[in-house]
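Would you mind keeping the following structure in view while I ask a few things?
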Amino acid sequence: MDAQLASRGLTKTDSDKADLYIGYQTAVNQEMQWDAWGSRSFGMGMGSWTSSTISVGTLVLDMYDPGTKELVWTGRATKTIDPGSNHEKNMKNLDKAVAKLLKNYPPKQKS
């Protein structure tokens with residue numbers, strides 16, 4: 001997270017005089033995924049359904065104005081994840097998700 005924010009010109013500080021407060025939340029939920037397949041021939045059809053449980057990770061990043069304590073920017077990224085895969089792969093996917101989440105930050109100036 002820190003590297004992606006730094007690439008957007010933000011510098012981490014522990015000072016009370018920060019220009020922005022950054023907060024983030026993460027969650028992993030279990031969801032049912034339904035897959036269907038079938039075939040049709042001469043008006044007759046055959047098919048089947050299968051289900052599986054998948055893990056969906058969500059990351060929400062919020063930026064607040066320290067003076068007014070108002071939300072000034074928010075971003076959200078969601079991705080199917082495999083908690084059983086190796087740590088390096090998960091960290092690489094997280095880095096990609098944060099880069100995608102910050103794709104539109106900083107916001108374009110209005111004319």
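Quick note: the coordinates plus some simple rules give every number you see, no bench work behind them. These numbers come from a predicted model, not from an experiment. Positions of Cβ are generated from backbone atoms using ideal geometry, with glycine treated the same way; all protein chains shown enter the neighbour counts.
Listed here are the pairs Lys69/Lys103; Lys12/Lys79; Lys69/Lys92; Lys17/Lys79; Lys79/Lys110; which of them are more than 29 Å apart at the Cα? Before the final figure, lay out each step's value.
Values: Lys69/Lys103 24 Å; Lys12/Lys79 26 Å; Lys69/Lys92 32 Å; Lys17/Lys79 34 Å; Lys79/Lys110 31 Å.
Violating the 29 Å Cα-Cα cut-off are Lys69/Lys92; Lys17/Lys79; Lys79/Lys110.
To the nearest 0.05, what FRET efficiency results for Gln30 and Lys96 with a Förster distance of 22 Å applied to their C-beta separation?
Working: r = 22 Å, r/R0 = 1.02.
Using R0 = 22 Å, I get an efficiency of 0.50.
Under a plain spin-label model, where a point goes 7 Å from the Cα along Cα-to-Cβ, how far apart in nm are Lys69 and Arg8?
Once both label points are built, they end up 2.3 nm from each other.
So what are the three principal axis dimensions of segment 1-108 from its Cα atoms, in whole Å, longest to shortest?
Principal-axis extents of segment 1-108 (Cα, largest first): 71, 31, 21 Å.
How much FRET efficiency would the formula 1/(1 + (r/R0)^6) give for Trp37 and Asn86, where r is the Cβ-Cβ distance and R0 is 35 Å, rounded to 0.05?
Values: r = 31 Å, r/R0 = 0.88.
Here the calculated transfer efficiency is 0.70.
Can you compute 3J(HN,Hα) from phi for each residue in segment 22-28, using the Karplus curve 6.51 cos²θ - 1.76 cosθ + 1.60 with θ = phi - 60°, rounded to whole Hz and x for Gly and Pro?
Listing the rounded values in order: 10, x, 9, 10, 10, 8, 10 Hz.
Next question. Can you tell me how much longer the chain between Val60 and Lys17 gets when fully stretched, taken as 0.36 nm per residue apart minus their C-alpha distance, in nm with one decimal?
On the way: separation 43, 0.36 × 43 = 15.48 nm, distance 2.37 nm.
Answer, rounded to one decimal: 13.1 nm.
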